[in-house]
Amino acid sequence: MICDWSIGDLPGLNDVEQTLLQEIGIATTGQLLAVAPDAATKQQLAVKLSFKIQYVNKLVALADLARLTGVGCQYNGLLLHTGIISVKQLAQMPAHKIHQQLLKLHVATLQRRDLCPDLAQVQNWIKQARVLVGS
């Protein structure tokens, strides 16, 4: 199942940025992905919104990862911080490596291991990603 979230659910998006996106017809993560499928359209979107291209790339990466049921807007930012920038990339990664990176990040930032997704969750994300990308 592919998830589509309100654009305001993306982590780090403030109210002004959310309003700007909504004013040009982008109210969901699915709509963001639809209008920015490649580098050229991401650049056009950045210009239209007066956002830096890096920020648009980040929003699109978050929206892409949020498509996965188990990831959503709860873990997409966490995956992005570990270097995973797309569902396609996630589908190709070994679960144990991602889990180790997530655990390291949790301990470094939150000093808590218990909040980290477990290995089974990560394996499920990868399985969903593989189905989504058709590999």
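Annotations for the structure displayed:
- Check on residue 98, surrounded by 12 or more Cβ atoms within 10 Å (Cβ to Cβ), touching a Ser or Thr at 6+ places or on another chain (Cβ under 8 Å) and either more than 18 Å from residue 9 (Cα to Cα) or modelled with pLDDT under 95 (or both): yes
- Just one of the numbered conditions (1) touching a Gly at 6+ places or on another chain (Cβ under 6 Å); (2) farther than 24 Å from residue 134 by Cβ; (3) surrounded by 17 or more Cβ atoms within 10 Å (Cβ to Cβ) is not true of residue 66: (2).
- Cross-chain or 6+ apart pairs with Cβ under 7 Å, the stretch 18-29 first and on the phi < 0 side of the Ramachandran plot, then of a type outside the set (A, V, I, L, M) and not in a helix (DSSP H, G or I): 27/6; 28/4; 28/5; 28/6; 29/4; 29/5
- Qualifying residue in the stretch 19-30 (condition: within 30 Å of residue 119 (Cβ to Cβ) and either surrounded by fewer than 19 Cβ atoms within 10 Å (Cβ to Cβ) or of a type in the set (S, T, N, Q) (or both)): yes
- Given (1) assigned to a loop (DSSP other than H, G, I, E, B); (2) loosely packed, with under 14 Cβ neighbours inside 10 Å; (3) at pLDDT 95 or above, number of the condition residue 135 does not satisfy: (3)
- One residue stands out in the stretch 103-118 among those that are in contact with a helix residue (DSSP H, G or I) (Cβ under 7 Å, 6 or more places away or on another chain) and either assigned to a helix (DSSP H, G or I) or in contact (Cβ under 8 Å) with a residue 40 or more places away in the chain (or both): the one that is farthest from residue 67 (Cα to Cα), namely 105.
- Single unsatisfied condition, residue 121 versus (1) part of a helix (DSSP H, G or I); (2) under 15 Å from the mean Cα position of the chain (by Cα): (2)
- Criterion violated by residue 12 - all others in (1) more than 28 Å from residue 134 (Cα to Cα); (2) within 12 Å of the chain's Cα centre (by Cα); (3) crowded, with 18+ Cβ neighbours inside 10 Å satisfied: (3)
- Checked against (1) under 22 Å from residue 5 (Cβ atoms); (2) of a type in the set (A, V, I, L, M, F, W, C); (3) surrounded by 13 or more Cβ atoms within 10 Å (Cβ to Cβ), residue 119 passes all but a single condition, namely (1).
The values are calculated or read from the model by the stated rules, or taken from the named source; none is laboratory data. Quantities reported herein were computed from a predicted structural model and do not represent experimental measurements. Note that we place each Cβ from the backbone using ideal geometry, even for glycine, and neighbour counts take in every protein chain shown.
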